[in-house]
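Report on one structure; see the data block that follows.
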Amino acid sequence: MWREVPLHYVILEILKKRNAPITDEDLYKEVKKSVNYEISFSDFLKALMKLEIRGLITVTLIKENIRMINYIGEKE
């Protein structure tokens, strides 16, 4: 299924607007509200991994299933 806006763009926009760390569950809820298509949690985690590999965000494991996501910005 094709999406209007790629999931990682939606995640980046939410993190830029928020400009503060957020848990993965809260971010997932915000992403689901802002898109008009169904996304699975595994697709959400894949998008987070893609952004972390690109160096745009950091993902820190707080507890076993709780992650803290922080936007660190674009590399210049």
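Each value in this text was obtained by applying a stated rule to the coordinates, not by laboratory testing. Owing to the predicted nature of the structure, the values given are computational and were not obtained by experimental measurement. Neighbour counts run over all protein chains shown; Cβ positions are idealised from the backbone, glycine included.
Worth a mention:
- Note on region 7-71: lysine pairs with Cα distance below 17 Å, sequence gap of 8 or more or different chains, count 9.
- Per-peptide packing, taken as the mean over residues of other Cβ atoms within 10 Å, places 11-23, 33-45, 51-63 in the sequence 11-23, 51-63, 33-45 from highest down.
- Here each label is just a point 7 Å from Cα along the line to Cβ, and for Ile62 and Glu4 those points are 3.1 nm apart.
- Between Asp26 and Asp43, the simple spin-label model (points 7 angstrom out along Cα→Cβ) gives 2.5 nm.
- Evaluated with a Cβ-only charge set (Lys, Arg +1; Asp, Glu -1), region 7-71 carries a dipole of roughly 180 debye about its Cα centre, given to the nearest 20.
- Legend: Rg and Dmax of the chain, from Cα coordinates, 11.8, 34 Å.
- Helix-only CD estimate at 222 nm, as mean residue ellipticity for the chain, using -39500 (n - 2.57) per DSSP H run (n ≥ 4): -14500 deg cm²/dmol
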